[in-house]
Amino acid sequence: MTTERSQTLGEFIIEKQEDFKYSSGELSRLINSLRLAAKVVSHQVNQAGLVDIVGAFGKQNVQGEQQQKLDVFANEVFIKTLINREIVCGIASEEEDDFISIHGRDGSNDNKYVVLMDPLDGSSNIDVNVSVGTIFSIYRRVTPVGTPVTKEDFLQKGDNQVAAGYIVYGSSTMLVYTTGNGVHGFTLNPAIGTFFLSHPNMKINEDGHIYSINEGNYVHFPQGVKDYLKYCQAEEGDRPYTSRYIGSLVSDIHRNILKGGIYIYPTSTKAPKGKLRLLYECNPIAFIIEQAGGRASDGYNRIMEVEPTELHQRVPFFCGSKNMVEKAEEFMKK
Ligand code: P6P
């Protein structure tokens with residue numbers, strides 16, 4: 001009988017410590033703190049229905065706390081965990097208008113990493129029991145250590161990321177991340193609260209047969225997107241492709257990595273710059289997708305080359321199997 005078991009996330013981080021260039025263990029501790037926060041949020045997400053039911057009998061949940069929207073709850077958990085561990089000098093979040101500068105208990109600000117995150121993406125799906133996710137992106141600060149962080153530390157292009165990942169709260173909770181040395185997936189065993197390496201070195205097929213887009217917006221799409229959709233639906237060669245759209249970015253991306261596919265959120269007359277946020281949705285997902293062998297663009301150029309100008313700026317997003325994204329770009333460039 002083999003006694004072999006999967007590595008835990010903690011063991012994996014220690015083993016891969018040498019991959020974290022120039023890190024004195026801070027990045028490892030940072031990933032570990034995100035692991036802790038992910039477990040707390042996972043527990044709450046998986047109870048959402050119950051808490052709602054209990055909440056219906058009053059304004060408080062089972063813990064006697066004022067019931068909070070889960071995205072607010074997730075935002076607080078990740079921020080408090082990162083502050084308590086004193087391992088970052090700044091945080092930006094979809095739930096916060098501006099970035100947060102973090103000082104240690106001694107008032108210092110000597111940490112060198114900033115985190116940008118979408119604490120609970122797709123949270124409206126919670127009410128209908130559809131999976132949701134957390135997305136995070138980690139940079140080394142560009143301003144001098146010890147000084148207050150500035151917007152410059154957050155407005156960095158995606159190519160500068162030192163790590164990125166997502167947590168998908170689905171039929172199981174998975175944490176998937178990269179530090180630029182491949183993409184690795186860990187599945188939470190909730191019985192013992194431990195993430196185990198379940199998907200080492202994840203790769204996305206260069207070709208895929210799934211396209212993910214909200215076709216309800218078809219009339220508002222640019223002509224290139226309309227033409228690409230007709231290409232996907234044509235009876236020719238290995239087509240028509242299959243349409244799968246969960247409406248939860250992390251879930252659609254996770255499925256497309258495992259099965260191959262393309263996710264598109266384009267500009268439209270309703271969303272002239274697109275809907276997804278560059279800094280804490282598109283860039284981290286793009287880092288993961290490129291590390292898995294795929295491509296992520298704005299329909300023309302790599303998304304991780306876009307020079308950010310605003311914290312919450314939106315961009316069009318074409319992401320997934322390399323050959324599918326390149327074909328879509330051909331239609332966009334016609
Ligand atoms: P629509 C969720 O609100 C989200 O940010 C992504 O997770 C998802 O892919 C997209 O927006 C869904 O947007 O306009 O199709 O409902």
In range of the label at D98: residues from the range 135-171 whose backbone nitrogen is under 14 Å from the point 7 Å along Cα→Cβ: 148-152
Estimated 222 nm signal from helices in the chain, with DSSP H stretches of n ≥ 4 weighted -39500 (n - 2.57), rounded to 500: -9000 deg cm²/dmol
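What is the gain in length, in nm to one decimal, between L258 and T194 on full extension, counting 0.36 nm per residue of separation less the C-alpha to C-alpha distance?
Working: separation 64, 0.36 × 64 = 23.04 nm, distance 2.23 nm.
Gain on stretching L258 to T194: 20.8 nm.
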Signed unit charges on C-beta, dipole axis of the chain, positive-most listed residue L155, F186, T81: F186
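If the limit is 23 Å between Cα atoms, which of K80/K151; K80/K157; K16/K203; K157/K275; K226/K334; K39/K69 go over it? Spell out each step's value before the answer.
Numbers: K80/K151 21 Å; K80/K157 26 Å; K16/K203 19 Å; K157/K275 18 Å; K226/K334 12 Å; K39/K69 17 Å.
Checking Cα-Cα distances, K80/K157 exceed 23 Å.
Semi-axes, largest first, in whole Å: what does sqrt of 5 times each Cα gyration tensor eigenvalue give for the range 156-310?
Values: eigenvalues 144, 77, 42 Å².
Ellipsoid semi-axes (Å, largest first): 27, 20, 14.
Rounded to the nearest 20 debye, what is the charge dipole size of the chain about its Cα centre when +1 sits on each Lys and Arg Cβ and -1 on each Asp and Glu Cβ?
Numbers: 34 positive and 41 negative charges, 48 e Å.
In total the dipole reaches around 240 debye.
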Net charge contributed by nearby residues that have their C-beta within less than 13 Å of T194 (K/R +1, D/E -1): +2
Distance in nm between pseudo-label sites at E236 and E305 (7 Å out along the Cβ direction from Cα): 2.8 nm
Heavy-atom accessible surface of the chain: percent carbon and sulfur, 1.4 Å: 49 percent
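Could you do me a favour and compute the accessible area per residue for the range 245-334, 1.4 Å probe, result in Å²?
Details: 3170 Å² over 90 residues.
Spelled out: the 1.4 Å probe surface of the range 245-334, per residue, equals 35 Å².
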Distance (nanometres) between label positions extended 7 Å along Cα→Cβ at Q17 and V130: 4.3 nm
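Determine the equivalent ellipsoid of the chain by diagonalising the alpha-carbon gyration tensor, then write out the semi-axes as square roots of 5 times the eigenvalues, largest first, rounded to whole Å.
Working: eigenvalues 194, 112, 94 Å².
Three semi-axes, in Å: 31, 24, 22.
The values are calculated or read from the model by the stated rules, or taken from the named source; none is laboratory data. Remember, it's a predicted structure, so these values are computed and weren't measured experimentally. All Cβ positions, glycine included, derive from the backbone under ideal geometry; neighbour counts span all protein chains shown. Areas reflect the complete protein model, heavy atoms only, side chains present, ligands, DNA and RNA absent. Shrake-Rupley method; radii C 1.70, N 1.55, O 1.52, S 1.80 Å.
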